[in-house]
Amino acid sequence: MNSATQSDERNRSGSKSSIMASLGALGGVIVASSCCLPLAPFLFAAGAAGTSAFLSRFRPYLLVVSILCIAFGFYQSWRAQRCDSKPSRTSTFLLWFSAVVVFIFVFFPQVIANLVADLLAGKS
């Protein structure tokens, strides 16, 4: 294999790990905030309430996992740049989007819960 092919393969694997870290962080923050914000309560009313009560105990751990996933994604991006390969636009966008979503959900969970409750109730 020539060096260009090896570089492309490393770049793809770095982008995939950055994307997975971003998606893992988003998944973790969604699960972590389910104690305040049950997902689709009209479809899963009893299940979501039970899940919210169960997962509320794990919220701090899930938030730490989300933050660690974001940090890992930024590390992967930094490492890719140090190796002279550029992360894809998709992975960069997902990483920054995930970082913003995690930040908002960590520091403003009640604001998000109120916003979603108003949207579900039909208020503007």
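Summary table
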read-out	value
Segment N114-Y61, length gained on full extension (0.36 nm per residue, minus Cα span)	16.8 nm
Distance in nm between pseudo-label sites at V106 and Q81 (7 Å out along the Cβ direction from Cα)	1.9
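Readers should treat all values here as calculations from the given coordinates under stated rules, not as data from a laboratory. As the structure is a computational prediction, the values presented were derived from the model and not from experiment. Note: ideal-geometry Cβ built from the backbone for every residue, glycine included; neighbour counts use all protein chains shown.
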